[in-house]
Ligand SMILES: [Zn+2]
């Protein structure tokens, strides 16, 4: 059985293909975690544990490799700091992490879409968003 994470969110159309997207986010207020997207942009890893490795981009990259092995994360995801969240219909990048400063990526909010895989230190979920 797949775990579900339910969030309230908003709707937006993909700027490239106009596909209707439901999205939600976690702000940084009083929260301590690091977020990374998968290579395909269809999964997000939100980890408290990885904040200990987030002093620099190089350190975080190493930390992610160790984390993936330790937590048995499916290698298909290839989580990385510079990966973008992508439109599930056309693969258009919906975030701009490839060009952002490392500090801004680590300090920024994380956005995710309906249907994405959401992984944290405890479990793996499928995202459901109630958007109106
Ligand atoms: Zn699209």
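Throughout, read-outs are computed from the coordinates displayed, never taken from laboratory work. Everything numeric in this text was worked out from a predicted model, so none of it was measured. Note: ideal-geometry Cβ built from the backbone for every residue, glycine included; neighbour counts use all protein chains shown.
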| task | Would you please name the residue that is surrounded by the most Cβ atoms within 10 Å (Cβ to Cβ), looking only at residues in the range 16-30 that are more than 16 Å from the ligand (Cβ to nearest atom) and in contact (Cβ under 8 Å) with a residue 12 or more places away in the chain? | result | 24
| Would a scan of the range 55-66 turn up a residue that is more than 16 Å from the ligand (Cβ to nearest atom) and in contact with a strand residue (DSSP E or B) (Cβ under 6 Å, 6 or more places away or on another chain)? | no
| residue 98 surrounded by fewer than 15 Cβ atoms within 10 Å (Cβ to Cβ), under 15 Å from the mean Cα position of the chain (by Cα) and more than 16 Å from the ligand (Cβ to nearest atom) | yes
| said: Let me confirm something: among 13, 89, which residue is within 16 Å of the ligand (Cβ to nearest atom), under 21 Å from residue 127 (Cα atoms) and without any contact (Cβ under 8 Å) to a residue 24 or more places away in the chain? | reply: 13
| Could you list, in sequence order, the residues of the range 31-45 that are more than 16 Å from the ligand (Cβ to nearest atom) and crowded, with 19+ Cβ neighbours inside 10 Å? | 34, 35, 36, 38, 43, 44, 45
| task | Could you check, for the range 110-126, whether at least one of its residues is within 16 Å of the ligand (Cβ to nearest atom), in contact (Cβ under 8 Å) with a residue 12 or more places away in the chain and touching a helix residue (DSSP H, G or I) at 6+ places or on another chain (Cβ under 8 Å)? | result | no
| Given the residues 70, 10, 39, which is the only one that is in a loop (DSSP other than H, G, I, E, B) and either over 11 Å from the mean Cα position of the chain (by Cα) or farther than 21 Å from residue 131 by Cα (or both)? | 39
| field | All positions within the range 71-81 that are on the phi < 0 side of the Ramachandran plot and either buried (at least 16 other Cβ atoms within 10 Å of the Cβ) or touching a residue at least 40 places away in the same chain (Cβ under 8 Å) (or both) | value | 71, 73, 77, 79, 80, 81
